[in-house]
1. Considering each residue of region 1-16, count those that are part of a loop (DSSP other than H, G, I, E, B) and surrounded by 14 or more Cβ atoms within 10 Å (Cβ to Cβ), and give that number.
2. Can you report the number of residues in region 248-286 which are at pLDDT 90 or above, among the small types (Gly, Ala, Ser) and not in a helix (DSSP H, G or I)?
3. Can you give me the number of residues within region 185-198 that are surrounded by 17 or more Cβ atoms within 10 Å (Cβ to Cβ), at pLDDT 95 or above and part of a helix (DSSP H, G or I)?
4. Take residues that are within 21 Å of the chain's Cα centre (by Cα) and crowded, with 16+ Cβ neighbours inside 10 Å and tell me which of the helices (runs of 4 or more DSSP H) falling wholly in region 17-136 contain 3 or more.
Amino acid sequence: MNTPIVSILMPTYEPNPQHLAEALESLFAQTEQRWSLFIHDDASKSDVLGMIRPFMNDQRIRFERSAKNLGIGGNWNACVERATAPYVQFLFQDDLWGSMHLEKALEALEHNSSAGFVSLEHLYQYEGGMPVEAYERLRNFRKENVETGLHKGEEFLLWWIRNELHPNVIGEPPFVMFRKSLLEEVGPFNEEMPQFLDVEYWVRCLQKSDWYYVKEDIGAFRVHPAAASARNAASGAGIYDRFTCFEQLIASLPSGTMRKEAVAARNRALSTMAWKFFDRIKNKRAVGGKGGGSGVLKKFCVKHPFLTVRAVLLSPWSGPQKNM
């Protein structure tokens, strides 16, 4: 048996059995087979081990179940702690890889020594009547504004800051491969963030490393009502995450151009955040959310009342909806 070169990490929580099987089948169909798979279940009530039993004859697969629910970030971190190969790649329980996903990602990293991580473009697969506009805008923005190839970390981060860290141009974790050394340097995912934790992590990665982008569609991110992002949108979880990300980024930067740009971008983005907040109130949707972001926002409002009032006054109440 070949020594695994990629640690595949699959965090699970109450998975759809068919989606889970299809995700695993897309892994077994890879042209690159030097992988190991670690599945970590976040205390699901359903029998996840029973769902994956047909695949467990493969000695490359390990399974553990947490005794308590760790949340999204906690589950991701539990997976990362078990990674042993020089490259690390998440595969979520409901997403699908094209057969050359691992091969293409490894090729990009092995030929670009300064890149600590690589993203592969992908389609969005819609189920259950989910809206398509936001995801298609995101995909089109990436394709129109980001070129295939190597991007210098701090230069790209500055460009992204000027775009107010919106949208998620790096992409979702199941379509991002890392060098394990970068994960060790950057540290764990922020477990207080239920929604924006991947973007917050990309920001930290870009401060440490260059990034490579493959524009070719290789796989599909499944969008459906039971997915974590859809549940967060309904509950209001994570609505303060983007603001918290800005505050943490600003605090991490020394005085200079990037810090000034980050402060200016945060101030511009406040109006969009205010719109989102009051739009949820208007439509009687939850605004409390989870995590500590609300406390960070309240402290900022007290410390900067002028900026807060300005953001509310400039908020596009009657304009087209914007996505945070």
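The values are calculated or read from the model by the stated rules, or taken from the named source; none is laboratory data. What you are looking at is a predicted structure, and each value in this text was computed from that prediction instead of being measured. Methodologically, a virtual Cβ is constructed for each residue, glycine included, from the backbone with ideal geometry; neighbour enumeration extends over all protein chains shown.
1. 5
2. 2
3. 2
4. 17-28, 71-81, 101-110
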